[in-house]
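A quick write-up on the structure given underneath.
The values are calculated or read from the model by the stated rules, or taken from the named source; none is laboratory data. This one's a predicted model, so the numbers in the text were calculated from it and none came from an experiment. Glycine gets a Cβ as well: all are built from the backbone with ideal geometry, and neighbour counts include every protein chain shown. Areas reflect the complete protein model, heavy atoms only, side chains present, ligands, DNA and RNA absent. Shrake-Rupley method; radii C 1.70, N 1.55, O 1.52, S 1.80 Å.
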Amino acid sequence: MEPKMDSGSVLKAPINLSDLLNGGTEFQIDTEFNDHEGDEYFLDDDYGSADEDDERYKQLQTPWERTFDELRQEMDQINEHLYKRVTKAGVGEPIPDSTRVVIEYNAFFEGESKPFDSTTLRDKPHRFVVGKSNVLLGLELAVRTMRVSEEAQFVIAYQLMYGEFGCLQRVKPKADVLFVIRLISATPVSDGEALAKLNETERRTYATVKDKVTEIRQYARDCFQRNLVPNAIVKYLEAVHTLQTCQLKDEAEQAEQQKTLIALYTSLAVCYNRRDRPKDACRMVNELRRLCDVSKSAKILYQEGKALMSLGEYDRARKCLLRAQQLEPQDEIVQQVLKQLNDRSVKHQQEEKKIWSRAFGLAEKKEKQLSAEDTELLDNMKQTIQLFVEDEGSSTLPLPDGLTDRELALMDQLASELNLKLNVHVTNNKKNYKLQK
(Lines give C-alpha, C1' and ligand atoms only; values in the text may rest on other atoms or scores of the structure.)
Protein backbone atom coordinates (compact mmCIF):
# COMPACT_ATOMS: atom_id res chain seq x y z
CA MET A 1 0.00 0.00 0.00
CA GLU A 2 1.37 3.40 -0.97
CA PRO A 3 1.41 6.05 1.79
CA LYS A 4 -0.03 9.48 1.19
CA MET A 5 2.69 12.11 0.94
CA ASP A 6 2.19 15.30 2.89
CA SER A 7 4.46 18.30 2.61
CA GLY A 8 7.72 17.67 4.39
CA SER A 9 7.07 13.99 5.16
CA VAL A 10 9.49 11.19 4.26
CA LEU A 11 8.32 8.69 1.67
CA LYS A 12 8.38 5.07 2.79
CA ALA A 13 7.62 3.56 -0.64
CA PRO A 14 9.46 3.64 -3.98
CA ILE A 15 8.47 6.10 -6.74
CA ASN A 16 8.21 5.93 -10.53
CA LEU A 17 9.59 9.14 -12.02
CA SER A 18 8.69 8.37 -15.64
CA ASP A 19 5.01 7.78 -14.84
CA LEU A 20 4.97 10.85 -12.66
CA LEU A 21 4.86 13.20 -15.64
CA ASN A 22 1.55 11.65 -16.66
CA GLY A 23 0.14 12.42 -13.23
CA GLY A 24 -1.31 9.22 -11.85
CA THR A 25 1.21 7.32 -9.79
CA GLU A 26 3.04 7.24 -6.49
CA PHE A 27 6.77 7.89 -6.69
CA GLN A 28 8.70 4.65 -7.38
CA ILE A 29 12.01 3.90 -9.05
CA ASP A 30 12.94 0.39 -10.14
CA THR A 31 16.04 -0.84 -8.34
CA GLU A 32 17.72 -4.18 -8.61
CA PHE A 33 20.78 -5.84 -7.15
CA ASN A 34 23.48 -4.19 -5.09
CA ASP A 35 26.26 -3.50 -7.56
CA HIS A 36 29.99 -2.97 -7.58
CA GLU A 37 32.36 -2.38 -10.43
CA GLY A 38 35.25 -4.81 -10.68
CA ASP A 39 36.72 -7.91 -12.25
CA GLU A 40 35.11 -11.36 -12.03
CA TYR A 41 37.82 -12.32 -9.58
CA PHE A 42 35.76 -11.13 -6.63
CA LEU A 43 35.90 -13.40 -3.61
CA ASP A 44 32.10 -13.35 -3.29
CA ASP A 45 30.04 -11.34 -0.81
CA ASP A 46 32.31 -8.31 -1.28
CA TYR A 47 29.84 -6.07 -3.05
CA GLY A 48 29.47 -2.38 -2.48
CA SER A 49 31.70 0.63 -2.55
CA ALA A 50 34.49 1.50 -0.17
CA ASP A 51 32.41 4.53 0.73
CA GLU A 52 29.29 2.50 1.50
CA ASP A 53 29.36 3.15 5.23
CA ASP A 54 29.63 6.91 4.91
CA GLU A 55 26.82 7.93 7.25
CA ARG A 56 27.31 11.59 6.41
CA TYR A 57 26.07 10.87 2.91
CA LYS A 58 23.20 8.76 4.18
CA GLN A 59 21.66 11.56 6.20
CA LEU A 60 18.09 12.42 5.27
CA GLN A 61 18.26 16.13 6.00
CA THR A 62 18.74 18.64 3.22
CA PRO A 63 22.31 19.98 3.02
CA TRP A 64 20.96 23.45 2.16
CA GLU A 65 18.39 25.42 4.15
CA ARG A 66 18.40 28.71 2.22
CA THR A 67 16.99 29.45 -1.22
CA PHE A 68 18.09 27.61 -4.36
CA ASP A 69 19.08 30.95 -5.90
CA GLU A 70 21.58 31.41 -3.09
CA LEU A 71 22.85 27.85 -3.58
CA ARG A 72 23.33 28.42 -7.31
CA GLN A 73 25.71 31.26 -6.47
CA GLU A 74 28.04 28.70 -4.85
CA MET A 75 27.81 26.21 -7.72
CA ASP A 76 29.26 25.81 -11.21
CA GLN A 77 26.82 26.35 -14.05
CA ILE A 78 26.58 23.36 -16.39
CA ASN A 79 23.89 24.87 -18.57
CA GLU A 80 20.94 27.23 -18.25
CA HIS A 81 18.95 24.79 -16.12
CA LEU A 82 21.63 22.78 -14.31
CA TYR A 83 24.07 23.81 -11.57
CA LYS A 84 26.60 21.58 -9.83
CA ARG A 85 28.85 21.48 -6.76
CA VAL A 86 31.28 18.58 -6.27
CA THR A 87 31.65 17.48 -2.65
CA LYS A 88 33.93 14.53 -3.33
CA ALA A 89 36.01 14.07 -6.47
CA GLY A 90 35.66 10.90 -8.54
CA VAL A 91 37.98 9.06 -10.92
CA GLY A 92 37.98 8.45 -14.67
CA GLU A 93 36.04 10.26 -17.35
CA PRO A 94 32.47 11.64 -17.49
CA ILE A 95 29.79 9.12 -18.41
CA PRO A 96 29.10 8.42 -22.12
CA ASP A 97 26.01 6.92 -23.75
CA SER A 98 25.27 3.20 -23.40
CA THR A 99 26.76 3.04 -19.93
CA ARG A 100 25.01 1.23 -17.09
CA VAL A 101 25.32 3.38 -13.99
CA VAL A 102 24.51 2.73 -10.36
CA ILE A 103 23.77 5.74 -8.17
CA GLU A 104 22.55 6.66 -4.72
CA TYR A 105 20.70 9.91 -4.23
CA ASN A 106 18.44 12.05 -2.07
CA ALA A 107 16.15 14.57 -3.78
CA PHE A 108 14.69 17.68 -2.10
CA PHE A 109 12.19 20.34 -3.11
CA GLU A 110 13.08 23.92 -2.21
CA GLY A 111 12.23 24.83 1.36
CA GLU A 112 11.71 21.22 2.50
CA SER A 113 14.08 19.57 4.95
CA LYS A 114 13.31 15.94 4.10
CA PRO A 115 13.66 14.18 0.73
CA PHE A 116 10.64 13.50 -1.45
CA ASP A 117 12.60 10.70 -3.14
CA SER A 118 15.54 8.74 -1.77
CA THR A 119 17.46 5.55 -2.47
CA THR A 120 18.60 5.79 1.14
CA LEU A 121 15.03 5.11 2.26
CA ARG A 122 14.83 2.08 -0.01
CA ASP A 123 18.31 0.98 1.05
CA LYS A 124 19.05 0.06 -2.57
CA PRO A 125 20.84 2.03 -5.28
CA HIS A 126 19.19 2.96 -8.57
CA ARG A 127 20.43 1.54 -11.88
CA PHE A 128 19.82 2.83 -15.38
CA VAL A 129 21.45 2.98 -18.81
CA VAL A 130 22.56 6.43 -19.88
CA GLY A 131 21.02 7.50 -23.17
CA LYS A 132 17.97 5.22 -22.96
CA SER A 133 15.57 7.82 -21.49
CA ASN A 134 14.98 5.67 -18.43
CA VAL A 135 14.99 8.61 -16.01
CA LEU A 136 14.01 12.26 -16.07
CA LEU A 137 16.22 14.35 -18.30
CA GLY A 138 17.59 16.50 -15.47
CA LEU A 139 18.81 13.49 -13.49
CA GLU A 140 20.44 11.94 -16.56
CA LEU A 141 22.21 15.18 -17.52
CA ALA A 142 23.51 15.49 -13.97
CA VAL A 143 24.90 11.96 -13.92
CA ARG A 144 26.55 12.48 -17.31
CA THR A 145 28.82 15.12 -15.72
CA MET A 146 29.99 12.78 -12.95
CA ARG A 147 32.88 10.36 -12.53
CA VAL A 148 32.91 7.04 -10.66
CA SER A 149 32.94 7.48 -6.85
CA GLU A 150 32.11 11.17 -7.20
CA GLU A 151 29.62 12.82 -4.84
CA ALA A 152 27.94 16.02 -5.93
CA GLN A 153 24.97 18.33 -5.39
CA PHE A 154 22.83 19.57 -8.28
CA VAL A 155 20.13 22.18 -8.53
CA ILE A 156 17.99 21.16 -11.50
CA ALA A 157 15.40 23.55 -12.90
CA TYR A 158 11.80 22.46 -13.36
CA GLN A 159 12.22 22.54 -17.17
CA LEU A 160 14.39 19.39 -16.88
CA MET A 161 12.27 17.79 -14.17
CA TYR A 162 8.47 17.84 -13.76
CA GLY A 163 7.68 20.76 -16.03
CA GLU A 164 5.72 23.97 -15.69
CA PHE A 165 2.63 22.37 -14.17
CA GLY A 166 4.25 19.79 -11.89
CA CYS A 167 2.19 16.70 -11.18
CA LEU A 168 -1.27 17.16 -9.66
CA GLN A 169 -0.93 17.57 -5.89
CA ARG A 170 2.32 15.62 -5.67
CA VAL A 171 4.66 18.11 -7.31
CA LYS A 172 3.91 21.81 -7.28
CA PRO A 173 4.17 23.87 -10.52
CA LYS A 174 7.66 24.93 -11.60
CA ALA A 175 9.35 22.85 -8.90
CA ASP A 176 13.13 23.00 -9.00
CA VAL A 177 14.94 20.08 -7.32
CA LEU A 178 18.13 19.66 -5.30
CA PHE A 179 19.74 16.25 -5.93
CA VAL A 180 22.55 14.88 -3.76
CA ILE A 181 24.08 12.07 -5.84
CA ARG A 182 26.85 9.51 -5.46
CA LEU A 183 27.96 7.59 -8.54
CA ILE A 184 28.83 4.07 -7.38
CA SER A 185 29.80 2.47 -10.67
CA ALA A 186 29.67 2.83 -14.45
CA THR A 187 30.11 -0.09 -16.86
CA PRO A 188 29.61 -0.34 -20.64
CA VAL A 189 26.45 -2.12 -21.75
CA SER A 190 27.51 -5.37 -23.42
CA ASP A 191 25.88 -7.58 -26.04
CA GLY A 192 24.88 -10.91 -24.53
CA GLU A 193 24.51 -12.40 -28.02
CA ALA A 194 27.94 -11.32 -29.24
CA LEU A 195 29.21 -14.90 -29.69
CA ALA A 196 25.94 -16.25 -31.09
CA LYS A 197 26.13 -13.71 -33.93
CA LEU A 198 29.46 -15.05 -35.22
CA ASN A 199 29.46 -17.29 -38.29
CA GLU A 200 31.42 -20.55 -38.37
CA THR A 201 34.52 -18.99 -39.91
CA GLU A 202 34.58 -16.20 -37.32
CA ARG A 203 34.09 -18.69 -34.47
CA ARG A 204 37.27 -20.48 -35.50
CA THR A 205 39.35 -17.29 -35.52
CA TYR A 206 40.80 -16.51 -32.11
CA ALA A 207 41.41 -12.81 -32.86
CA THR A 208 37.68 -12.38 -33.52
CA VAL A 209 36.48 -14.63 -30.73
CA LYS A 210 38.53 -12.98 -27.97
CA ASP A 211 36.88 -9.58 -28.49
CA LYS A 212 33.42 -11.12 -28.33
CA VAL A 213 34.37 -13.12 -25.24
CA THR A 214 35.30 -9.84 -23.57
CA GLU A 215 31.75 -8.60 -24.24
CA ILE A 216 30.24 -11.84 -22.95
CA ARG A 217 32.29 -11.65 -19.76
CA GLN A 218 31.06 -8.11 -19.13
CA TYR A 219 27.49 -9.19 -19.81
CA ALA A 220 27.80 -12.20 -17.49
CA ARG A 221 29.38 -10.07 -14.76
CA ASP A 222 26.49 -7.64 -15.03
CA CYS A 223 24.01 -10.54 -14.74
CA PHE A 224 25.77 -11.73 -11.60
CA GLN A 225 25.68 -8.29 -10.05
CA ARG A 226 21.94 -8.09 -10.72
CA ASN A 227 21.48 -11.51 -9.06
CA LEU A 228 20.74 -13.21 -12.39
CA VAL A 229 23.28 -15.92 -11.60
CA PRO A 230 21.83 -18.66 -13.88
CA ASN A 231 22.12 -16.26 -16.84
CA ALA A 232 25.73 -15.55 -15.89
CA ILE A 233 26.53 -19.28 -15.78
CA VAL A 234 25.09 -19.83 -19.25
CA LYS A 235 27.18 -17.01 -20.73
CA TYR A 236 30.39 -18.01 -18.98
CA LEU A 237 29.98 -21.59 -20.24
CA GLU A 238 29.31 -20.29 -23.75
CA ALA A 239 32.53 -18.28 -23.60
CA VAL A 240 34.50 -21.32 -22.37
CA HIS A 241 33.18 -23.57 -25.13
CA THR A 242 33.86 -21.04 -27.88
CA LEU A 243 37.40 -20.34 -26.67
CA GLN A 244 38.22 -24.04 -26.51
CA THR A 245 37.04 -24.72 -30.07
CA CYS A 246 38.67 -21.80 -31.89
CA GLN A 247 42.02 -22.21 -33.67
CA LEU A 248 45.21 -20.75 -32.21
CA LYS A 249 48.00 -19.59 -34.50
CA ASP A 250 50.89 -19.25 -32.03
CA GLU A 251 52.05 -19.58 -28.43
CA ALA A 252 51.07 -15.99 -27.65
CA GLU A 253 47.43 -16.72 -28.49
CA GLN A 254 47.60 -19.95 -26.50
CA ALA A 255 48.89 -18.11 -23.42
CA GLU A 256 46.21 -15.45 -23.77
CA GLN A 257 43.49 -18.07 -24.19
CA GLN A 258 44.69 -19.90 -21.08
CA LYS A 259 44.62 -16.71 -19.02
CA THR A 260 41.06 -16.00 -20.13
CA LEU A 261 39.94 -19.57 -19.38
CA ILE A 262 41.34 -19.26 -15.86
CA ALA A 263 39.25 -16.14 -15.32
CA LEU A 264 36.13 -17.82 -16.75
CA TYR A 265 36.44 -21.01 -14.69
CA THR A 266 37.07 -18.96 -11.55
CA SER A 267 33.94 -16.94 -12.26
CA LEU A 268 31.96 -20.14 -12.79
CA ALA A 269 33.14 -21.46 -9.42
CA VAL A 270 31.88 -18.24 -7.83
CA CYS A 271 28.53 -18.57 -9.59
CA TYR A 272 28.05 -22.21 -8.67
CA ASN A 273 28.83 -21.50 -5.03
CA ARG A 274 26.34 -18.63 -5.07
CA ARG A 275 23.69 -21.04 -6.44
CA ASP A 276 24.53 -23.61 -3.75
CA ARG A 277 25.94 -26.08 -6.27
CA PRO A 278 29.21 -27.01 -4.51
CA LYS A 279 29.91 -30.12 -6.61
CA ASP A 280 29.86 -28.01 -9.77
CA ALA A 281 32.10 -25.43 -8.08
CA CYS A 282 34.61 -28.18 -7.28
CA ARG A 283 34.37 -29.36 -10.89
CA MET A 284 35.39 -25.88 -12.06
CA VAL A 285 38.36 -25.92 -9.66
CA ASN A 286 39.43 -29.26 -11.12
CA GLU A 287 39.36 -27.66 -14.58
CA LEU A 288 41.52 -24.86 -13.20
CA ARG A 289 44.06 -27.40 -11.97
CA ARG A 290 44.69 -28.34 -15.61
CA LEU A 291 45.47 -24.71 -16.41
CA CYS A 292 47.35 -23.33 -13.42
CA ASP A 293 48.77 -23.97 -9.97
CA VAL A 294 45.70 -23.34 -7.81
CA SER A 295 47.80 -23.40 -4.66
CA LYS A 296 49.06 -19.94 -5.63
CA SER A 297 45.61 -18.38 -6.06
CA ALA A 298 43.77 -17.27 -2.93
CA LYS A 299 40.59 -16.67 -4.95
CA ILE A 300 40.44 -20.20 -6.34
CA LEU A 301 41.34 -21.76 -2.99
CA TYR A 302 38.63 -19.69 -1.32
CA GLN A 303 35.98 -20.95 -3.75
CA GLU A 304 37.11 -24.56 -3.37
CA GLY A 305 37.18 -24.28 0.42
CA LYS A 306 33.70 -22.80 0.45
CA ALA A 307 32.37 -25.59 -1.77
CA LEU A 308 34.01 -28.32 0.30
CA MET A 309 32.56 -26.82 3.46
CA SER A 310 29.07 -27.05 1.94
CA LEU A 311 29.74 -30.70 1.12
CA GLY A 312 30.75 -31.43 4.72
CA GLU A 313 34.40 -32.04 3.75
CA TYR A 314 35.64 -29.97 6.65
CA ASP A 315 39.27 -31.09 6.75
CA ARG A 316 39.84 -30.47 3.04
CA ALA A 317 37.97 -27.17 3.25
CA ARG A 318 40.16 -26.04 6.13
CA LYS A 319 43.32 -26.87 4.18
CA CYS A 320 42.16 -24.74 1.23
CA LEU A 321 41.04 -21.81 3.34
CA LEU A 322 44.19 -21.77 5.47
CA ARG A 323 46.29 -21.66 2.32
CA ALA A 324 44.12 -18.83 0.98
CA GLN A 325 44.61 -16.98 4.26
CA GLN A 326 48.35 -17.50 3.99
CA LEU A 327 48.32 -15.91 0.54
CA GLU A 328 45.95 -13.07 1.56
CA PRO A 329 46.43 -12.62 5.32
CA GLN A 330 44.50 -9.33 5.41
CA ASP A 331 41.40 -10.61 3.60
CA GLU A 332 38.52 -10.41 6.06
CA ILE A 333 36.20 -12.59 3.96
CA VAL A 334 38.54 -15.57 4.13
CA GLN A 335 38.84 -15.07 7.89
CA GLN A 336 35.07 -14.96 8.28
CA VAL A 337 34.56 -18.19 6.32
CA LEU A 338 37.33 -19.90 8.31
CA LYS A 339 35.50 -18.99 11.51
CA GLN A 340 32.26 -20.29 10.01
CA LEU A 341 34.03 -23.52 9.06
CA ASN A 342 35.43 -23.97 12.56
CA ASP A 343 32.00 -23.37 14.09
CA ARG A 344 30.37 -25.91 11.78
CA SER A 345 33.10 -28.46 12.35
CA VAL A 346 32.88 -28.19 16.13
CA LYS A 347 29.09 -28.41 16.02
CA HIS A 348 29.26 -31.44 13.75
CA GLN A 349 31.73 -33.21 16.04
CA GLN A 350 29.59 -32.45 19.09
CA GLU A 351 26.42 -33.69 17.42
CA GLU A 352 28.12 -36.81 16.13
CA LYS A 353 29.54 -37.57 19.57
CA LYS A 354 26.15 -36.98 21.14
CA ILE A 355 24.41 -39.26 18.66
CA TRP A 356 26.84 -42.09 19.11
CA SER A 357 26.86 -41.69 22.90
CA ARG A 358 23.11 -42.09 22.87
CA ALA A 359 23.30 -44.91 20.40
CA PHE A 360 25.87 -46.90 22.37
CA GLY A 361 24.11 -46.18 25.64
CA LEU A 362 20.78 -47.38 24.32
CA ALA A 363 22.41 -50.37 22.68
CA GLU A 364 23.97 -51.52 25.96
CA LYS A 365 20.63 -51.15 27.69
CA LYS A 366 18.72 -53.00 24.98
CA GLU A 367 21.26 -55.85 24.98
CA LYS A 368 20.24 -56.54 28.55
CA GLN A 369 16.52 -56.31 27.97
CA LEU A 370 14.80 -55.68 24.63
CA SER A 371 11.10 -55.06 24.54
CA ALA A 372 8.86 -57.11 22.28
CA GLU A 373 8.51 -54.10 20.00
CA ASP A 374 12.28 -53.64 19.73
CA THR A 375 12.80 -57.36 19.15
CA GLU A 376 10.34 -57.27 16.24
CA LEU A 377 11.99 -54.14 14.82
CA LEU A 378 15.41 -55.74 15.18
CA ASP A 379 14.27 -58.84 13.31
CA ASN A 380 12.87 -56.75 10.45
CA MET A 381 16.07 -54.77 10.20
CA LYS A 382 18.14 -57.92 10.26
CA GLN A 383 16.25 -59.42 7.32
CA THR A 384 16.89 -56.34 5.20
CA ILE A 385 20.54 -56.07 6.17
CA GLN A 386 21.10 -59.78 5.61
CA LEU A 387 20.11 -59.31 1.95
CA PHE A 388 22.69 -56.54 1.69
CA VAL A 389 25.38 -58.73 3.28
CA GLU A 390 24.67 -61.56 0.81
CA ASP A 391 24.75 -59.21 -2.21
CA GLU A 392 28.35 -59.40 -3.41
CA GLY A 393 27.84 -56.50 -5.82
CA SER A 394 26.96 -53.98 -3.08
CA SER A 395 29.45 -52.41 -0.69
CA THR A 396 27.27 -49.61 0.74
CA LEU A 397 23.68 -49.52 1.96
CA PRO A 398 22.21 -46.01 2.44
CA LEU A 399 19.78 -45.87 5.35
CA PRO A 400 16.46 -44.02 5.24
CA ASP A 401 16.12 -40.49 6.60
CA GLY A 402 14.51 -39.78 9.94
CA LEU A 403 15.97 -42.63 12.02
CA THR A 404 15.43 -42.16 15.75
CA ASP A 405 18.13 -42.61 18.37
CA ARG A 406 16.54 -45.96 19.33
CA GLU A 407 16.58 -47.15 15.73
CA LEU A 408 20.18 -46.02 15.31
CA ALA A 409 21.16 -47.94 18.45
CA LEU A 410 19.55 -51.11 17.12
CA MET A 411 21.15 -50.55 13.72
CA ASP A 412 24.56 -50.19 15.35
CA GLN A 413 23.98 -53.40 17.29
CA LEU A 414 23.17 -55.26 14.08
CA ALA A 415 26.18 -53.74 12.30
CA SER A 416 28.45 -55.07 15.05
CA GLU A 417 26.91 -58.53 14.84
CA LEU A 418 27.33 -58.66 11.05
CA ASN A 419 30.81 -57.07 10.92
CA LEU A 420 29.55 -53.93 9.19
CA LYS A 421 30.34 -50.26 9.79
CA LEU A 422 27.63 -47.69 10.53
CA ASN A 423 28.85 -44.35 9.16
CA VAL A 424 27.39 -40.86 9.18
CA HIS A 425 28.15 -38.22 6.54
CA VAL A 426 27.00 -34.59 6.59
CA THR A 427 26.02 -32.94 3.30
CA ASN A 428 24.60 -29.41 3.29
CA ASN A 429 23.93 -29.68 7.04
CA LYS A 430 21.93 -32.91 6.55
CA LYS A 431 23.03 -36.16 8.20
CA ASN A 432 23.10 -39.24 5.98
CA TYR A 433 23.63 -42.70 7.51
CA LYS A 434 24.88 -45.76 5.67
CA LEU A 435 26.12 -49.28 6.34
CA GLN A 436 29.41 -50.25 4.80
CA LYS A 437 31.05 -53.65 4.40
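Taking Rh as the Kirkwood radius, which is the inverse of the mean 1/r over Cα pairs, what is the Rg/Rh value for the stretch 121-237?
Values: Rg = 19.7 Å, Rh = 17.3 Å.
Rg divided by Rh gives 1.14.
Once neighbouring chains are kept in place and the probe is 1.4 Å, which whole percent of the accessible area of the stretch 391-436 is contributed by carbon and sulfur?
Numbers: 1090 of 2540 Å².
That share works out to 43 percent.
Rounded to the nearest 0.05, what FRET efficiency is calculated for ARG275 and GLN350 with R0 set to 41 Å and r the Cβ-Cβ distance? Could the numbers behind the result be given before it?
Numbers: r = 30 Å, r/R0 = 0.72.
Calculated transfer efficiency: 0.85.
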_the stretch 252-301 versus the stretch 141-178: alpha-carbon centroid distance in Å_ = 46
*Cα centroid separation - the stretch 113-133 against the stretch 77-106, whole Å*: 14
_Quick check for you: with a 1.4 Å probe and neighbouring chains kept, what is the accessible area per residue of the stretch 198-354, in Å²?_
52
*asked:* Full-extension gain between ILE78 and THR245, please, as 0.36 nm times their residue separation minus the C-alpha to C-alpha distance.
replied: 55.0 nm
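Which value results for Rg/Rh of the stretch 198-354 when Rg is the Cα radius of gyration and Rh the Kirkwood radius based on the inverse mean 1/r?
On the way: Rg = 17.8 Å, Rh = 16.8 Å.
Here Rg/Rh amounts to 1.06.
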*Got a number for the accessible area of LYS354? Probe 1.4 Å, square angstrom, nearest 10.*
110
*asked:* Could you check the spin-label model distance between VAL91 and SER113? Points 7 Å from the Cα along Cα→Cβ, value in nm.
replied: 3.8
_Longer than 26 Å from Cα to Cα, which of LYS88/LYS114; LYS259/LYS299; LYS84/LYS132; LYS84/LYS174 are they? Say none if no pair is._
none
*Quick one: if you stick a label point 7 Å off each Cα along the C-beta vector at ASP69 and LEU137, how many nm between them?*
2.5
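Any chance you could run the full-extension gain for GLU256 through THR404? It's 0.36 nm times the residue separation minus the Cα-Cα distance, nm to one decimal.
On the way: separation 148, 0.36 × 148 = 53.28 nm, distance 5.68 nm.
Full-extension gain reported as 47.6 nm.
How high is the FRET efficiency between THR205 and LEU228 when r is their beta carbon distance and R₀ equals 30 Å, given to the nearest 0.05? Please report the intermediate quantities before stating the final value.
Numbers: r = 30 Å, r/R0 = 0.99.
Efficiency at R0 = 30 Å is approximately 0.50.
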*On the accessible surface of the stretch 198-354, probed at 1.4 Å, how many percent belong to carbon and sulfur atoms?*
44
_Just the number: Rg to Rh for the stretch 391-436, Cα atoms, Kirkwood Rh, two decimals._
0.98
